[in-house]
Amino acid sequence: MELRARGWWLLCAAAALAACALGDPATKSRSCGEVRQIYGAKGFSLSDVPQAEISGEHLRICPQGYTCCTSEMEENLANRSRAELEAALLDSGRALQTTLATQLRGFDDHFQRLLNDSERALQEAFPGVFGELYTQNARAFRDLYAELRLYYRGASLHLEESLAEFWARLLERLFRQLHPQLLLPDDYLDCLGKQAEALRPFGEAPRELRLRAARAFVAARSFVQGLGVAGDVVRKVAQVPLGLECSRAVMKLVYCAHCLGVPGARPCPDYCRNVLKGCLANQADLDAEWRNLLDSMVLITDKFWGPAGAESIMGSVHLWLAEAISALQDNRDTLTAKVIQGCGNPKVNPQGSGPEERRRRGKLALPEKPPTGVLEKLVSEAKAQLRDAQDFWISLPGTLCSEKLATSTASDDRCWNGMAKGRYLPEVMGDGLANQINNPEVEVDITKPDMTIRQQIMQLKIMTNRLRSAYNGNDVDFQDASDDGSGSGSGDGCPDDICGRRVGKKNSSSRTTLTHALPGLSEQEGQKTSAAGCPQPCPSLLLLPALTLLLSAARPRWR
């Protein structure tokens with residue numbers, strides 16, 4: 001194949017040189033007016049342009065026939081052609097980035113609105129229903145919602161551990177409030193905590209919330225993170241500079257026809273595709289992992305629906321909390337008897353009042369809101385757009401050739417083939433770096449892949465692994481995923497040694513600042529909240545791990 005292609009070029013070159021040697025005088029004295037017009041329109045000095053064609057022995061990129069381009073012009077146009085292609089790549093990537101960023105903001109706003117609405121409902125209903133059982137512990141509930149937001153936004157929190165600690169501290173506080181006539185030192189409360197799992201003081205609500213919240217939150221945050229990672233990959237890859245051999249090939253594709261006096265001949269389509277397949281060989285290697293990521297994102301949207309779906313759980317946290325406190329009130333006497341049986345009779349507080357009266361002032365009525373249809377619309381649009389974007393990387397050469405480089409639509413023998421106006425014979429190369437070994441237009445070293453693009457391929461793999469684990473209800477830590485490609489889960493059946501190891505990573509020296517945060521959201525967007533009076537989300541994604549550490553250190557012991 002390589003010998004055939006080079007033989008074809010030698011034949012074309014010989015024909016072009018013969019035409020110049022035998023050509024008629026009118027050809028040799030042709031005016032360079034059209035080239036002057038194009039060159040000047042690019043912002044270059046017209047003094048560089050000869051008045052008529054000159055011999056082209058000095059050309060290093062274009063065929064060395066009679067030409068209207070000097071060496072300086074050829075160099076200037078080569079640099080300009082590279083800049084124009086890089087700008088076209090940025091434009092193509094920018095459109096996809098905008099689509100992904102719009103999706104990200106839409107989903108992020110919706111999920112955060114669910115949490116904000118749930119907290120608002122709690123703040124409005126609980127004081128009148130539970131009285132001091134809520135008002136004296138309002139901070140505990142605010143802290144819980146704050147941690148749920150941090151977890152959703154990518155903080156390295158162990159959600160199940162956070163929920164378990166919330167219930168443990170809340171039980172200690174409420175048990176003291178229900179029995180002010182008793183002295184309950186810390187060791188007695190520790191005994192209470194050890195029996196909590198068997199006693200189930202809050203009924204089934206904590207267990208159900210733990211199981212459902214873990215799956216719902218990880219699905220929501222992984223999907224939004226996937227949108228951010230996809231957008232970041234497009235942005236970073238679009239900024240990868242083109243190589244020298246690509247610049248030469250693009251110059252020959254776009255401007256050499258003008259230098260040789262055939263400015264009306266647009267590039268042959270297959271010729272253009274071979275040039276850009278060579279220039280964008282590394283970008284095409286993103287295709288497989290890009291498709292895996294988008295497929296995984298479409299798949300995980302199945303976890304947004306139903307009683308255990310992200311929309312239902314994130315919007316009804318307050319319902320589980322209400323059910324838990326109600327269960328504690330209803331079972332207070334039975335619980336007290338079992339605690340005394342297991343932990344002994346506590347001393348009477350001589351300064352304490354009598355047993356706390358039941359504070360429920362009315363029947364709790366917090367009906368679950370039906371879905372508004374917002375999420376269905378978001379998912380429908382996202383699925384269509386993600387499917388449309390699946391072949392983005394391998395379709396780039398064809399897209400740029402047709403939309404940016406204005407390839408010929410004329411018959412095959414009237415387009416610019418790199419040497420003259422005529423048919424383009426070499427076959428079109430396949431996609432990706434390995435398929436460019438015999439590319440007749442761009443010399444590509446297939447042994448030296450672009451490292452920036454290889455890093456982005458790895459990011460796609462990591463995010464895909466996270467999404468697939470999230471689909472199974474597991475939360476894969478990015479650090480674990482980047483270490484061994486698999487990571488550890490926090491769903492049902494998570495081994496203690498694995499979960500414990502991940503929880504132990506909650507210090508600033510062992511956590512990466514950017515791997516968990518939702519990418520693609522600006523600092524201003526990160527501060528938005530739709531619930532008046534609700535705690536603000538993390539003000540800067542780059543500070544999430546620090547805030548998480550501070551929250552953990554400053555969390556009150558509630559005793």
Seminar exercise, completed: Only one of 112, 123, 103, 97 is touching a Leu at 6+ places or on another chain (Cβ under 6 Å), closer than 29 Å to residue 149 by Cα and assigned to a helix (DSSP H, G or I), namely 103
Exercise. Of all residues in the range 259-288, how many are of a type in the set (Gly, Ala, Ser), under 15 Å from residue 433 (Cα atoms) and open to solvent by 30 Å² or more (accessible area, probe 1.4 Å)?
Worked result: 1
Exercise. If we keep just the residues of the range 198-222 that are surrounded by fewer than 19 Cβ atoms within 10 Å (Cβ to Cβ) and among the small types (Gly, Ala, Ser), which is nearest to the chain's Cα centre (by Cα)?
Worked result: 203
For this session: Filter the range 36-55 down to residues that are over 14 Å from residue 77 (Cβ atoms) and outside any helix (DSSP H, G or I) and give me whichever is most open to solvent (accessible area, probe 1.4 Å).
Result: 51
Exercise. Quick check: is even one residue across the range 118-134 within 15 Å of residue 375 (Cβ to Cβ) and open to solvent by 10 Å² or more (accessible area, probe 1.4 Å)?
Worked result: no
Problem set entry | Single residue of 382, 420, 406 found to be modelled with pLDDT of 95 or more and open to solvent by less than 50 Å² (accessible area, probe 1.4 Å) | 382
For this session: Working only within the range 289-342, note down all residues that are part of a helix (DSSP H, G or I), open to solvent by 50 Å² or more (accessible area, probe 1.4 Å) and within 20 Å of residue 373 (Cα to Cα).
Result: 299, 302, 303
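Can you go through 195, 225 and tell me which one is open to solvent by 10 Å² or more (accessible area, probe 1.4 Å), polar (S, T, N, Q) and outside any loop (DSSP other than H, G, I, E, B)?
The conditions single out 195.
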Exercise. Can you find even one residue in the range 245-258 that is in contact with a Phe, Trp or Tyr (Cβ under 6 Å, 6 or more places away or on another chain), closer than 29 Å to residue 317 by Cβ and crowded, with 20+ Cβ neighbours inside 10 Å?
Worked result: no
For this session: State which residue is surrounded by the most Cβ atoms within 10 Å (Cβ to Cβ) when the search covers only the range 228-239 and only residues that are among the small types (Gly, Ala, Ser) and within 11 Å of the chain's Cα centre (by Cα).
Result: 230
Exercise. Out of curiosity, is residue 446 more than 30 Å from residue 299 (Cα to Cα), open to solvent by 80 Å² or more (accessible area, probe 1.4 Å) and not charged (D, E, K, R)?
Worked result: no
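The values are calculated or read from the model by the stated rules, or taken from the named source; none is laboratory data. These numbers were taken from a predicted model, which means no experiment stands behind them. When we count neighbours, we look across all protein chains shown, and the Cβ atoms used for this are built from the backbone with ideal geometry, even at glycine. Heads up: the accessible areas ignore ligands, DNA and RNA and are worked out on the full protein's heavy atoms, side chains in. Shrake-Rupley method; radii C 1.70, N 1.55, O 1.52, S 1.80 Å.
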